[in-house]
1. Take the Cβ-Cβ distance between residue 87 and residue 5 as r, set R0 to 22 Å, and report the resulting FRET efficiency rounded to the nearest 0.05.
2. Where does each of 8, 30 land when they are ranked from fewest to most other beta-carbon atoms within 10 angstrom?
3. Within a 10 angstrom radius of the beta carbon, how do 55, 62 rank from fewest other beta carbons to most?
4. Is region 9-89 best put as rounded, prolate or oblate by its Cα gyration tensor, with a ≥ b ≥ c the root eigenvalues, rounded for a/c under 1.5, and otherwise prolate when a/b is larger than b/c, oblate when not?
């Protein structure tokens, strides 16, 4: 990493109520989505859920530990920390966060 933060971009969806952000860096894709128990959009525990996966591998995303987060900023910070871990230690395919 070169010290610059990942730039998360809101994904435009045909479904108006979905809140999803994406960033790619150093061969990894990160996605943050907002989920709630009820109402429109994604269903789950209320908060911002972050996940990652290697860009060059066709496999399921792995949830970032601590999800769901109360704020988008907290989820982004968690993704930055995970990227630091992944680029320092390397991903462990069996690891589920």
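1. Efficiency for this residue pair is about 0.95.
2. Details: 8 18, 30 24.
Starting with the residue having the fewest Cβ neighbours, the order is 8, 30.
3. 55, 62
4. Prolate is the answer for region 9-89, as a/c is 1.5 or above and a/b outweighs b/c.
Readers should treat all values here as calculations from the given coordinates under stated rules, not as data from a laboratory. The model shown is predicted, which means the values in this text are computed figures rather than measured ones. Using ideal geometry, Cβ is built from the backbone for each residue, glycine included, and neighbour counts are taken over all protein chains shown.
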